[in-house]
1. Considering only helices (runs of 4 or more DSSP H) fully contained in region 59-139, which possess at least 2 residues that are touching a strand residue (DSSP E or B) at 6+ places or on another chain (Cβ under 8 Å), over 22 Å from residue 45 (Cβ atoms) and of a type in the set (Asp, Glu)?
2. Can you pull out the residues in region 65-88 that are away from ligand 1 (no atom under 15 Å from the Cβ) and without any contact (Cβ under 8 Å) to a residue 60 or more places away in the chain?
3. Would you confirm whether any residue within region 16-36 is surrounded by 17 or more Cβ atoms within 10 Å (Cβ to Cβ), touching a His at 6+ places or on another chain (Cβ under 8 Å) and hydrophobic (A, V, I, L, M, F, W, C)?
4. Are any residues in region 44-64 more than 13 Å from ligand 2 (Cβ to nearest atom) and surrounded by fewer than 18 Cβ atoms within 10 Å (Cβ to Cβ), and if so, which ones?
5. Restricted to region 110-139, and to residues that are more than 15 Å from the chain's Cα centre (by Cα) and not charged (D, E, K, R), which residue is nearest to ligand 2 (Cβ to nearest atom)?
6. How many residues, within region 81-103, are small (Gly, Ala, Ser) and in contact with an Asp or Glu (Cβ under 6 Å, 6 or more places away or on another chain)?
7. Taking residue 8 as meeting all but one of (1) within 16 Å of ligand 1 (Cβ to nearest atom); (2) over 13 Å from the mean Cα position of the chain (by Cα); (3) of a type in the set (Val, Ile, Thr), write down the number of the exception.
8. Identify, from the list 34, 23, the residue that is more than 12 Å from ligand 1 (Cβ to nearest atom), outside any helix (DSSP H, G or I) and farther than 20 Å from residue 111 by Cα.
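The values are calculated or read from the model by the stated rules, or taken from the named source; none is laboratory data. Keep in mind that what you see is a predicted model, and the values were worked out from it rather than measured. Cβ coordinates were reconstructed from backbone atoms using ideal geometry, including for glycine residues, and neighbour counts include every protein chain displayed. We work out accessible area using only protein heavy atoms, side chains counted, and drop any ligands, DNA or RNA first. Shrake-Rupley method; radii C 1.70, N 1.55, O 1.52, S 1.80 Å.
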Amino acid sequence: MMERTLSIIKPDAVKKNVIGKIVDRFESQGIRIVAMKKLQLSLEEAKAFYAVHKERPFYESLTQFMTSGPVVVMVLEGEGVIAKNRAIMGATNPAQADPGTIRADFASNVEQNAVHGSDAPETAAQEIAFFFSGRQLIG
Ligand code: UDP
Ligand code: MG
């Protein structure tokens, strides 16, 4: 099924200057970028984006990290791209991520793990709408 998903290149990876290397992982797998922008999240935005994790012990630190520098937010499009993106990203903890995944290659630790990716069709739709209007998605 043709799908769209939200991808974020997190502040750690932007600082490491690997935006292009990460985008290439998607494009070389046939995924298309239908929207893309660089921005700095406010603490309020980061807290809203990660609201699902607000009871978790890492919420404060995660939202501080996500506001610590610019991010690159993208909408990816392709066949089964929600699961495909998660596979390309690798496990949340880079110590457990398969070799060749983005997180194995670029993440620093379980928090500063280079990329975000939506985990299901409903969250993908919500997360895309959090950052982009319909007319900003250019298929
Ligand atoms: N995270 C963390 N500590 C943990 C688990 C997660 O700091 O023990 C951070 C990490 O940046 C992760 C984000 O919280 O990417 C969201 O967690 P989730 O379980 O949704 O992982 P993801 O879907 O990003 O793989
Ligand atoms: Mg998640």
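1. Passing ranges: none, list empty.
2. The answer is 70, and nothing else.
3. Looking through region 16-36, none of the residues is surrounded by 17 or more Cβ atoms within 10 Å (Cβ to Cβ), touching a His at 6+ places or on another chain (Cβ under 8 Å) and hydrophobic (A, V, I, L, M, F, W, C).
4. Residues satisfying the conditions are 44, 45, 48, 54, 55, 57, 60, 61, 64.
5. For region 110-139, the residue satisfying everything is 137.
6. 1
7. (2)
8. 34
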